[in-house]
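The values are calculated or read from the model by the stated rules, or taken from the named source; none is laboratory data. Every value quoted in this text rests on a predicted model; they were computed, and no experiment measured them. A quick note on method: Cβ atoms are made from the backbone with ideal geometry, for glycine too, and the neighbour counts reach across all protein chains shown.
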Amino acid sequence: MARRPALALSLAIGGRPVLLVGAGPGADERASRLQQAGAAVRQVAPADYRTDMCAGAFLVIAQSGNPELDRRVTGDAGAAGALRYAHDQPDVSDFAFPALARRGPVTVAISTDGAAPALARRLREELARLLEEAGADLDALLRELEHEREEWAPSPERADRLYRLACRLRVAGRLEIEP
């Protein structure tokens, strides 16, 4: 499979309509992730899917477990002007779901542009471990950064001050926060 270079971004989808065609643990996890991001998710079982369901959707996700149906869904989604994703079918997808490591508001996304999903998963596991180990120290640094950001008006000086404060975070086999 050819690599598909992608633009890494975080997409604000609060309130936007998302159609998810699929059932089962994988589709349910995907629906939960979308709902946590504020999307208005409509999840339908593969047997209940109709072409007209793509109309008005911002994103359409096909995770039915049936590659032929997923291709049909993404074709319908493209025709309706929606961004589309088919699980394990990057050739008919407009985007990919990166592997995520999270702690509070910190989200680290890992992507290999589809070349090595297993490597992305392994990196996610290690980064999640590091974030968890940093625990309360990382939480305190985040609170301090948020407080400073709120106290100072936007300016180059504020940006420099916040960056110097963030530089207290060190990565040396583990995350360390300098006093």
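Laid out as a table, the results:
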| item | result |
| --- | --- |
| Residue check for residue 165: in contact with a Gly (Cβ under 7 Å, 6 or more places away or on another chain) and either among the aliphatic types (A, V, I, L, M) or part of a helix (DSSP H, G or I) (or both) | no |
| Condition check for residue 115: under 23 Å from residue 169 (Cα atoms) and either outside any loop (DSSP other than H, G, I, E, B) or more than 14 Å from the chain's Cα centre (by Cα) (or both) | no |
| Selected residue (criterion: surrounded by the most Cβ atoms within 10 Å (Cβ to Cβ)) from residues of segment 15-35 that are among the aliphatic types (A, V, I, L, M) and assigned to a helix (DSSP H, G or I) | 27 |
| Residue satisfying all of: in segment 33-50; touching a residue at least 12 places away in the same chain (Cβ under 8 Å) and more than 10 Å from residue 20 (Cα to Cα); farthest from the chain's Cα centre (by Cα) among these | 40 |
| Some residue of segment 143-166 being touching a residue at least 24 places away in the same chain (Cβ under 8 Å) and not assigned by TED's automatic domain parsing to the domain that holds residue 54 | yes |
| All positions within segment 141-170 that are touching a strand residue (DSSP E or B) at 6+ places or on another chain (Cβ under 9 Å) and at pLDDT 90 or above | 141, 142 |
| Considering residues of segment 84-95 that are free of Cβ contacts under 8 Å to residues at least 60 places away in the same chain and over 19 Å from residue 33 (Cα atoms) only, the residue surrounded by the fewest Cβ atoms within 10 Å (Cβ to Cβ) | 89 |
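Each row is one residue, and each column tells you yes or no for (1) surrounded by 14 or more Cβ atoms within 10 Å (Cβ to Cβ); (2) in contact with a helix residue (DSSP H, G or I) (Cβ under 8 Å, 6 or more places away or on another chain); (3) not aromatic (Phe, Trp, Tyr).
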{"position": "68", "(1), (2), (3)": "no, no, yes"}
{"position": "71", "(1), (2), (3)": "yes, yes, yes"}
{"position": "77", "(1), (2), (3)": "yes, yes, yes"}
{"position": "82", "(1), (2), (3)": "yes, yes, yes"}
{"position": "97", "(1), (2), (3)": "yes, yes, no"}
{"position": "115", "(1), (2), (3)": "no, no, yes"}
{"position": "130", "(1), (2), (3)": "yes, no, yes"}
{"position": "133", "(1), (2), (3)": "no, no, yes"}
